[in-house]
Every structure is written in C-alpha cells, then in structure tokens.
Amino acid sequence: MSRAKDEVLERFTTLHNTIAQSTAVKNKTLSDVDHNNSAKMLRSGLAVVGFAALEDFIKRRSSEITRDISTAGVPFNNLPEKLQHAFTHEAIPAINYQSRLRDKADRITYVQNQASNIASTSSNSYLLPEDVFGYDQPNIQKETIKKILSSFNISDPWRAMTNVASRIGLIALPLEQSFNNAATRRHKAAHVAGIDIPETDISQFVKEGLAISIAFDSLLTRAAKEIIAHNSSFLTGRNKLCATDIKLRFIKFHSGKWKEYPEGASKAYRANKLKHIVSASALTRSQRHNEVLIELNEVGFVTNWET
C-alpha cells in the first residue's frame, strides 16, 4: 500500500474535477472582465499545485521504495553501484538542503539521524537515508527523474516511461516533453503575474501527470522487486530493466459491465456489473503474473493503479 500513490491520485482527481466542473476557473464573455481575471488567477494556482503534486509523488514514492529496500536484507555492497553512491556521499547535499528548511531547533537532530543512517550502510543491518532523491533542490527537474530511475538500473528512463504510458493510452507526446511543458507552465504561473494558463493545458496535464506517475511507479516498483529478490544479474547491472518488462492488465467499463482485459486482448477475461468483484479477481491475477493493474472509469479516466 503506497500512501504517496493514493494521495497523488486523489490530487489529480480533484484537479480533473475542478477544471472540468468549476465555473470559477472558466472564462465567460469578454465583457465579464472581473470574473475572467479571477478565473485566470485561479488557473495559475492550479498549474502550480498540479505540478507540485507530481513533484511530491516522485520524492515520496522514492522514499517509500527506499524504506522497502532497507528492510529487505540485501547487503549494502550488493546494491546497484549507483544506489550505493546515492545513499552515501550523494545524500549529503540533500540532507544539507533539507536541514535548512527545518526549524533551527530541529536541525541538529535531523542531520544526526540522517548521518546515522548513512553510517549504518557500513554494517550488515542498515537504514538508508530517505531524503535523497529529489530532496536536494526546490523543484524536480527532468534530470532528477532520469537519475532516480537510472540509479535503479532502469534503461533509458524517459523512453521507458513513454512506452508504458502510451500502452495505457494516456499520452500522444513523449513524456519528457510533457514534463518540460508542465515545468515551464508551473514556473510562469508562479513568477509571471499576468500569465494566462488555458483550461486545456491543465486538463491535458492531468493525463500527463498521471502518465508520469504511473510509469515512474511501475518501473521503480519493479526494480525494487528485483533488488528485494536478490536478483544478482540485476543487482550487478548485467541485466537492466526496460519498458517491455512491465506488463499491464486493465479494468474498463464497456457495454454496461466492468471488464478485465489482459494487455492487448480484445476479449474480456471476466465481466460483471459489480466493479469490486472484477477488481478483486483482477488484482489477484495481476499480482500472480507480476503485472500493473490499471483501473479506468466509465469515461476512461484512471481511478487507480496497483504495481
């Protein structure tokens, strides 16, 4: 169970509903100047908080995976080499940055705890520092995401993420370009007072943000499973993870019923009018076959995923 996943899904769902249903963020006629100015300001706020939701997920999901690896019993020296560097000397800038964000009274304890975790990596039983990936800067960059996934022995991260997202049917453009567009939009919304963010840009970002989140989570979780399973060829980097290693299963609403589809299948594996019945059995099968389960609602919006 990932709290980071649940919260980012809730935030993107709220963003989707707000831009689709709220009249406060929609322009009226040209003569409605006061309303349109208010709507423009609100859309700028949505652009900022939407991107912040994605940034928060990237960092927190990485921290969750870090905790899983800490308790897996894999000797630290057996971890992928890039992870060994990430959790030791490369963690120091992140700890330094995060300490400055805390109250002065809490800084010493925070640094001591994080430093203790770094030092523990020299022993058989260790706790990895969690505030590492993305915690050394105010905003997540595209290179941050690439570095996280590369550290987990994932080959060509942005291309892999695009492949996964396109197979889900969420995007038309490469995800790296989608992320760059969203980051630019966020920075303009935060720093340019008169910027006017179109409704369509925010609606599109909901799909793109979900696509990045699901693809990132799918690849990172699968890599963590290989590490926790002590897969020696993966740990040493002889075999790296790529997009084709991610298998998908879907739950969709079609012809009045909820239906379960293996990826690429035109015929449903199971159908029922009650969604929870289909979901429960589909989750069992997806876990058995090491698949990512994607749940879509009646209009094709992602309502859940399970890695």
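The values are calculated or read from the model by the stated rules, or taken from the named source; none is laboratory data. These numbers were taken from a predicted model, which means no experiment stands behind them. So basically every Cβ, Gly included, is an ideal-geometry build from the backbone, and we count neighbours across all protein chains shown. Heads up: the accessible areas ignore ligands, DNA and RNA and are worked out on the full protein's heavy atoms, side chains in. Shrake-Rupley method; radii C 1.70, N 1.55, O 1.52, S 1.80 Å.
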Trypsin sites (Lys or Arg not before Pro) within the range 180-269: DSSP coil, no more than 11 neighbouring Cβ in 10 Å: Arg238, Lys267
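With +1 on each Lys and Arg Cβ and -1 on each Asp and Glu Cβ, how big is the dipole of the chain about its Cα centre, in debye rounded to the nearest 20?
Numbers: 40 positive and 32 negative charges, 144 e Å.
The calculated dipole for the chain is roughly 680 debye.
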The range 137-143 - phi-based ³J(HN,Hα) in whole Hz, Karplus 6.51/-1.76/1.60, Gly and Pro as x: 7, x, 9, 6, 10, 4, 5
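Any chance you could tell me what percent of the C-alpha pair distances in the range 212-306 go past 18 Å?
Working: 2187 of 4465 pairs.
In whole percent, the share of Cα-Cα pairs in the range 212-306 beyond 18 Å is 49.
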Unit charges at the beta carbon, dipole of the range 1-115: most positive-side option, Thr71, Val48, Ile58: Val48
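Compute the projected area of the convex hull of the Cα atoms of the range 179-251, averaged over all viewing directions, and report it in nm² to one decimal place. List each step's numbers first, then the result.
On the way: hull surface 29.7 nm².
Across all orientations, the range 179-251 yields a mean hull projection of 7.4 nm².
Just the ratio, please: alpha-carbon radius of gyration of the chain over 2.2 N^0.38 Å, N its number of residues. Working shown, then result.
On the way: Rg = 21.1 Å, N = 307, 2.2 N^0.38 = 19.4 Å.
This ratio for the chain stands at 1.09.
Under unit Cβ charges (Lys, Arg +1; Asp, Glu -1), what dipole magnitude, rounded to 20 debye, does the range 163-307 have relative to its Cα centre? Display every interim value, and only then the final one.
Numbers: 20 positive and 14 negative charges, 124 e Å.
For the range 163-307, the charge dipole is close to 600 debye.
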Helix-only mean residue ellipticity at 222 nm for the chain, each DSSP H run of n ≥ 4 adding -39500 (n - 2.57), per residue, nearest 500: -19500 deg cm²/dmol
Residues whose placed amide H lies under 5 Å from that of Phe250, excluding near-sequence neighbours: Tyr261, Glu263, Ile294
√(5λ) per eigenvalue of the Cα gyration tensor, the range 133-188, largest first, Å: 19, 17, 7
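If r is the Cβ-Cβ distance from Lys188 to Asn36 and R0 is 22 Å, what FRET efficiency results, to the nearest 0.05?
Working: r = 18 Å, r/R0 = 0.83.
Here the calculated transfer efficiency is 0.75.
Work out, in µm²/s and without decimals, the Stokes-Einstein translational diffusion coefficient of the range 1-71 at 10 °C, 1.306 mPa s, Rh from Kirkwood over C-alpha pairs.
Details: Rh = 14.0 Å.
It comes out at roughly 113 µm²/s.
Shape verdict for the range 89-246, please, from the Cα gyration tensor: rounded (a/c under 1.5), prolate (a/b greater than b/c) or oblate. Walk me through the numbers on the way to the answer.
Values: a/c = 3.07, a/b = 1.18, b/c = 2.60.
Verdict is oblate for the range 89-246.
Taking 0.36 nm per residue of separation and subtracting the Cα-Cα distance, what length does fully extending Gln177 through Lys247 add? Mind dumping the intermediate values first?
On the way: separation 70, 0.36 × 70 = 25.20 nm, distance 2.40 nm.
Full extension from Gln177 to Lys247 adds 22.8 nm.
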Span from the the range 153-195 Cα centroid across to the the range 64-90 one, whole angstrom: 27
Farthest positive-ward along the range 132-235 dipole, Cα basis, beta-carbon charges - from Leu170, Thr184, Ser233: Ser233
Theoretical gain in end-to-end length, Arg107 to Arg270 [0.36 nm per residue, Cα-Cα removed]: 53.2 nm
Which of Asn290, Thr14, Thr221, positive extreme of dipole for the chain (C-beta unit charges): Asn290
Solvent-accessible area per residue, Å², over the range 72-133 with all protein chains present [probe radius 1.4 Å]: 57
Of Lys59/Lys146; Lys252/Lys273; Lys146/Lys247; Lys28/Lys207; Lys5/Lys273; Lys82/Lys142, those spanning more than 23 Å from alpha-carbon to alpha-carbon: Lys28/Lys207; Lys5/Lys273
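Once you charge only the Cβ atoms, +1 for Lys and Arg and -1 for Asp and Glu, what is the size of the charge dipole of the range 80-180 about its Cα centre, to the nearest 20 debye?
Working: 10 positive and 10 negative charges, 30 e Å.
Once rounded to the nearest 20, the dipole reads 140 debye.
Roughly speaking, to the nearest percent, how much of the chain's 1.4 Å accessible area is carbon and sulfur?
Numbers: 7650 of 15180 Å².
Taking all protein chains in place, the chain shows 50 percent carbon and sulfur surface.
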Karplus (6.51, -1.76, 1.60) ³J(HN,Hα), θ = phi - 60°, over the range 11-20, in Hz, Gly and Pro reported as x: 5, 5, 5, 5, 4, 4, 5, 5, 6, 7
